[in-house]
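Colleague: The structure follows.
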Amino acid sequence: MGVLWKLEPATAAKHRLYQRYLDAWWPILLQTSQKTGYARPRVTLLDAFAGPGRYEGREPGSPVFILDRLLNHDAVDRMNLSPRRVHLVFIEKDRARHAHLVAELEARFGPVKDLPVRVEVRRGEAGRDSLAVLDELGAWGNPILGIFDSWGSVNVPLGVMSRIAHNRSSEVITTFGPNWFSRREELNADTLDTVFGGRGFWTPADAELRSDERWRVWLHTYRDALRRAGFGFQLQFQLVPRTGQPLYLVFGTGSPAGLKAMKEAMWKVDDRDGESFRDPRTRGAEPDGQLDFFQLAEHSDPDLLELVTQRLVLGTATVEEIGDWLLRETTRWMPKHALKAVRELRGDGAVTLQSPGKLTNKSRISLPAPVRS
Ligand SMILES: C[S@@+](CC[C@H](N)C(=O)[O-])C[C@H]1O[C@@H](n2cnc3c(N)ncnc32)[C@H](O)[C@@H]1O
């Protein structure tokens, strides 16, 4: 592959997701709180596999659109941008791509030293150099968003994720390229040990031989790794573009608000260009063939109904607890989706109301007792 390459549909879809997410992330972190008057002293975004800044068809690469959307954000006047306060760090390993990125940023934005934020473009190795550059910039103690967007070889040690996880209000997004999960023979076992935190953590996933199951088990395995690293909340999904190969993302955050913001970003891009987010927990249940198009609009997504049923297999729960489980454990669904899904499952006789009175968030729900013959 040359310095630039063609923008694949899955990458374009991923960019739309990042853009939606960052549009929400910057003001949350940079605006002064109206209640307390508190403003965070520093915020750092690390794009550790930055790329050359542009695609063959001239579409912007991640460093360019990240900077562009920050500088042109609707709320930029309330963000108090300054080079001391806002740091954007781009790491690229390849010499020619690094040089291209430096030139591209300069061509688009002028000399980076004159920008209202600090922009560092480093030639280096994401796994080896991320912590050192965060040290150097004094990023710790304030929010960091780490984007680890490699193609095939996710080689960032879990120790890096763990440092970020234990830092205040910090998050990571890790992507896995197409075919990552089916190309195990190209992956070095010692590297995987550092990425997953030890051999015992990843060899069970590697033992899965069914091709359509591999992505699910590997994503779960990486999600578990981020949990062990210290992220209280994790989200994993397959990003399926309208055409072309899918990509895989795992997101780690310390707060339910971060999780909600990422899900809201997914809802905003969902379907717009035909992409979808596939939850590894579901098998892509087809809608009931009996329903016509207009009825379908009235009904919950079959994936949601399947997931609520999965939660109830674990035991009785209130609607509120089901909502919390949907937020923590599923790719797209939010607490607000629980009540409608339970109502619908109840109407179909697929769940039972355990508490008296009408169905509310406090109602206890279970699966119907099995009929014994
Ligand atoms: C998937 S591309 C990045 C695309 C870019 N983030 C975007 O969205 O436009 C991965 C990039 O990481 C670079 N790379 C590969 N290994 C790396 C490493 N260990 N550290 C930093 N960059 C690396 C590659 O040269 C390539 O430019």
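Colleague: Net charge near Thr32, counting Lys/Arg +1 and Asp/Glu -1 over other residues with Cβ under 13 Å of its Cβ?
Modeller: That sum, taken over residues with Cβ under 13 Å, equals +3.
Colleague: Kirkwood hydrodynamic radius for the stretch 6-76: how many Å is it when counted over pairs of different Cα atoms?
Modeller: Every distinct Cα pair counted, the radius reaches 13.6 Å.
Colleague: Below 18 Å Cα-Cα, how many Lys pairs turn up in the chain? Only count pairs eight or more apart in sequence, or on different chains, if you could.
Modeller: 12
Colleague: Let me ask another. For the chain, state the semi-axes of the equivalent ellipsoid (square roots of 5 times the eigenvalues of the alpha-carbon gyration tensor), sorted largest first and rounded to whole angstrom.
Modeller: Working from the Cα gyration tensor, I get semi-axes of 38, 24, 20 Å.
Colleague: Which net charge results for the neighbourhood of Arg84, defined as the other residues with beta-carbon distances under 10 angstrom from its beta-carbon, given Lys and Arg at +1 and Asp and Glu at -1?
Modeller: +3
Colleague: What are the trypsin sites (Lys or Arg not before Pro) within the stretch 40-112 that DSSP puts in a loop, where the Cβ has at most 12 other Cβ atoms within 10 Å?
Modeller: Of the trypsin sites (Lys or Arg not before Pro), the ones in loops of the stretch 40-112 whose Cβ has at most 12 other Cβ atoms within 10 Å are Arg58, Arg84.
Colleague: Another one. Between helix 211-229 and the chain, what is the angle of the helix's C-alpha long axis to the longest principal axis, kept within 0 to 90° and rounded to the nearest 10?
Modeller: For 211-229 against the chain, the angle is about 70 degrees.
Colleague: Could you work out the relative contact order of the chain, using alpha carbon pairs under 8 angstrom and six or more residues apart, expressed as a whole percent?
Modeller: Over the chain, the number comes to 13 percent.
Colleague: Sticking with this one: Where does the stretch 31-185 land on Rg(C-alpha)/(2.2 N^0.38 Å)?
Modeller: Details: Rg = 16.0 Å, N = 155, 2.2 N^0.38 = 15.0 Å.
Expressed relative to 2.2 N^0.38 Å, the Cα Rg reads 1.07.
Colleague: When N is the residue count of the stretch 293-366, what does its C-alpha Rg come to as a fraction of 2.2 N^0.38 Å?
Modeller: Ratio of Cα Rg to 2.2 N^0.38 Å: 1.02.
Colleague: Then there's this: Could you give the dipole magnitude of the stretch 9-278 about its Cα centre, charging the beta-carbon of Lys and Arg +1 and that of Asp and Glu -1, in debye to the nearest 20?
Modeller: Using Cβ point charges on Lys, Arg, Asp and Glu, the stretch 9-278 gives about 640 debye.
Readers should treat all values here as calculations from the given coordinates under stated rules, not as data from a laboratory. All figures in this text were calculated on a predicted structure; none of them were measured in a lab. Neighbour counts are summed over all protein chains in view; Cβ atoms, including those assigned to glycine, are modelled from backbone coordinates with ideal geometry.
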